[in-house]
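Peer 1: Mind having a look at this structure? Questions to follow.
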Amino acid sequence: MNRHRVLFVALVLASVSVAPALRAQGSRVLGIADARARAAVEREIAQAEARGLPVRPLLAKAHEGVTKRATGERIRVAVASQARRLEQARDLLAPSPSEAELVAGADALAVGVPAPMLKKVRAAYPAGHSVAMPLDVLTELVARGVPANHALEQITQLMTRGATPTQIASLGASVQADVAAGLTPDAALEVRARGVMSLLPSPAAAAALAPRGSRP
Amino acid sequence: MIPTRLVALGFLLLCASRAGGAQRASELRLEVGTASFSQRGFDAERAALLAVLWRRPAERWTFLTSGNLTYAADSLAAAQGVAVVDLPWNVSERLRTELGVAGASFSLRSVGRGGNGNLFARQHFVGPTRGSFIGLAGGRTSRDGVGSDSWSVDAGLWKRFGVLYLSGALTHFSSSDWPLLYASGVFTATNDDRFELLDKMLTVQVRNGPHDFTLNFIARDGLGATAARNRTLTASGTLQLTERFALLASGGRKLADPMRGLPQADFVTASARVSFGPKPLPVMQRSVIAEAGVMAFAGGGGELVVRVLASESILVEIAGDFSDWAPLPMEREGTFWVARARLRPGKHRVAVRVNLGEWRAPRNLARVRDDYGGEAGLVVVP
């Protein structure tokens, strides 16, 4: 059986299995009034599942569309776009990204973070350490209008200096508070990143503390 | 002369558009419009306006450059270019320095042909709701082969009250460009070759999202032996019709500008603006005020609290990935509608709607597109 036939069989099996799975989850995808559009959305999700992508973020995207009263076709397009971004994120965050990392990567791509930056974020943490939170903070900063290269530089500096995901998340929260107080996002990031940086060991110390071989 | 200017402007447009395409964060704006200008002592002339603005934010500074061309047959033609670098200070995020250079070329019935170049520097103190600045500028003008120089010192304060901005500024000009000021009705009682002017300016601006309306009042008085007394009011506004398209209008009396070598004129303008670059978020009326905050828990995660200021008699709902996008009714607490949700660490999307209307991001959150033509707010929980 050649590769195409294997993929075809996988798709058929997945499309057969996904509808009962959606029903079992009480999915509101089934609430799409147009039967053809509903079937098309289910097929998109099934195809994504067959490609090894997580179903949960795709269902969430479809549910958002149902809540926002989007047409069935628009929901299908949104689900397909999300699947494409998840697939791209999987390639960029290789070798074995978690579902949270895939979602974080896909959302980063959706706000306009350039694809090579995902690789840089992945490379800034040792293998096995989740980069979901740094990607989430990068996404939030870019959505606020901070230039992507500036946000990336600050976040990867923190990561290489050994900042924890909680410290990086706090950076995002502090920037939000500063922006609410009237600072530009760019200036707020600059100041807050310096504040977090001052709590971290120097680059040399961080390198010395890191387990041998843990850095990619 | 005009074709040469048009070619120069076209080159500027080309450079700006290429640069805009190369850098995602760059913004390019083009404005095209019509105007009526009336120089002192001459009939009003209809004019064509063309302007381009390119803004590129970088890591440590923002570079902004703009050029514009005004043309009205043989009576009025001016091309201007401005380049500004905005530098934040390392010692304090509230200090910013603006350095700029500007140039103009003109052919005016009232004050002749020539060119102008000037440099300016301005130190800003920027607070959350108020700020101040002090600046210095110097320029050189050549008019029909005769050179002159001008200097100015300015200082001002601004304060924000919600959507209302108020600012006041004082500017002291010293200029030897007597043809310009003579054409504008400013005389000296002595044979001094310099004019001293003091401008007191008051600006009131209302900003609502991308829309704005501005009133600007200037009281100009001559100092020492200079006889000048002008009072002018100008109005301008921007109406953002779609994500990329806006209408602009302005009118009033522009006083002679010794720094740029441009004379006094009464004007009315109307133009259209198209923006390129990062696609702005949809324009949405902010009929409700929704704000979100997260109270972080010590062990990770936190409680999202969303408050909406809206009438008691309406339906207010919240949805987000925390509810699998199922709409949840908010509860009335005092004068607010409030929703609370426990969130795991990570990024969450949230939106609120009133009376089954558009889903909107709470205004203090980062806003993202939602694949459905609308928006959602992002919140990251430590």
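The values are calculated or read from the model by the stated rules, or taken from the named source; none is laboratory data. All values reported here derive from a predicted model rather than from experimental measurement. Cβ: placed from backbone, ideal geometry, glycine included. Neighbour counts: every protein chain shown. When the accessible area is computed, the model is the full protein with side chains, heavy atoms only, and any ligands, DNA or RNA have been set aside. Shrake-Rupley method; radii C 1.70, N 1.55, O 1.52, S 1.80 Å.
Peer 1: Given the protein chains as shown and a 1.4 Å probe, how many square angstrom of B:Asp257 are accessible, to the nearest 10?
Peer 2: B:Asp257 has an accessible surface of roughly 20 Å² with all protein chains in place.
Peer 1: Further, regarding this structure: Bin width 10 Å, origin at 0, all Cα-Cα pairs of segment B:114-250: what percent of pairs per bin?
Peer 2: Pairs per bin, as whole percents: 11, 30, 33, 20, 6, 0.
Peer 1: Working out 0.36 nm times the residue gap between B:Asn364 and B:Val85, then minus their Cα-Cα distance, what length gain in nm do you get to one decimal?
Peer 2: Extra length from B:Asn364 to B:Val85 when fully extended: 97.6 nm.
Peer 1: Using 0.36 nm per residue of separation minus the Cα-Cα distance, give me the extension gain between B:Arg207 and B:Glu331 in nm, one decimal.
Peer 2: 41.6 nm
Peer 1: I want the local charge near A:Ala173. Using Cβ-Cβ distances under 11 Å, sum +1 for each Lys or Arg and -1 for each Asp or Glu among the other residues.
Peer 2: -1
Peer 1: Rule-of-thumb check for segment A:31-92: C-alpha Rg over 2.2 N^0.38 Å?
Peer 2: Cα-based Rg divided by the globular estimate yields 1.05.
Peer 1: Mind listing, in residue-number order, the residues in segment A:101-134 that have at least 30 Å² less accessible area with every protein chain present than in their own chain alone (1.4 Å probe)?
Peer 2: A:Asp107, A:Gly112, A:Met133
Peer 1: Let me ask another. In the full protein assembly as shown, how much of B:Phe161 is accessible to a 1.4 Å probe, in Å² to the nearest 10?
Peer 2: 110 Å²
Peer 1: Can you give the charge dipole size of segment A:31-92 about its Cα centre, rounded to the nearest 20 debye, using +1 on the beta carbon of Lys and Arg and -1 on the beta carbon of Asp and Glu?
Peer 2: For this selection, approximately 120 debye.
Peer 1: OK, next. Mind checking the log10 I(q)/I(0) for segment B:289-353 at q = 0.12, 0.18 Å⁻¹? Debye, one equal scatterer per Cα, no solvent, two decimals.
Peer 2: -0.29, -0.63
Peer 1: What translational D, rounded to a whole number of µm²/s, comes out for segment A:47-132 from Stokes-Einstein when the hydrodynamic radius is the Kirkwood one over Cα pairs, at 4 °C and 1.567 mPa s?
Peer 2: Estimated diffusion coefficient is 97 µm²/s.
Peer 1: Right, here's the next one. Using only protein heavy atoms and a 1.4 Å probe, how much accessible area in total is buried between B and A, to the nearest 100 Å²?
Peer 2: What B and A bury together is about 3400 Å².
Peer 1: Identify all lysines with a Cα-Cα distance to A:Lys68 below 27 Å; exclude those on the same chain that are fewer than 8 residues away in sequence.
Peer 2: B:Lys279, B:Lys347
Peer 1: A further question on this structure: Rounded to the nearest percent, how much of the accessible area of segment A:31-92 (1.4 Å probe, protein heavy atoms only) is carbon and sulfur?
Peer 2: So the carbon and sulfur contribution to the accessible surface is 47 percent.
Peer 1: Report the local net charge at B:Lys254: Lys and Arg +1, Asp and Glu -1, summed over other residues whose C-beta lies under 14 Å from its C-beta.
Peer 2: +2
Peer 1: List, by residue number, every residue in segment A:56-72 with a reduction of 20 Å² or greater in accessible area between the chain on its own and the complete protein assembly, 1.4 Å probe.
Peer 2: By number: A:Ala60, A:Lys61, A:His63, A:Glu64, A:Thr67, A:Lys68, A:Arg69.
Peer 1: Using a cut-off of 10 Å between beta-carbons, work out the net charge of the residues near B:Asn230 (Lys and Arg +1, Asp and Glu -1, B:Asn230 not included).
Peer 2: +2
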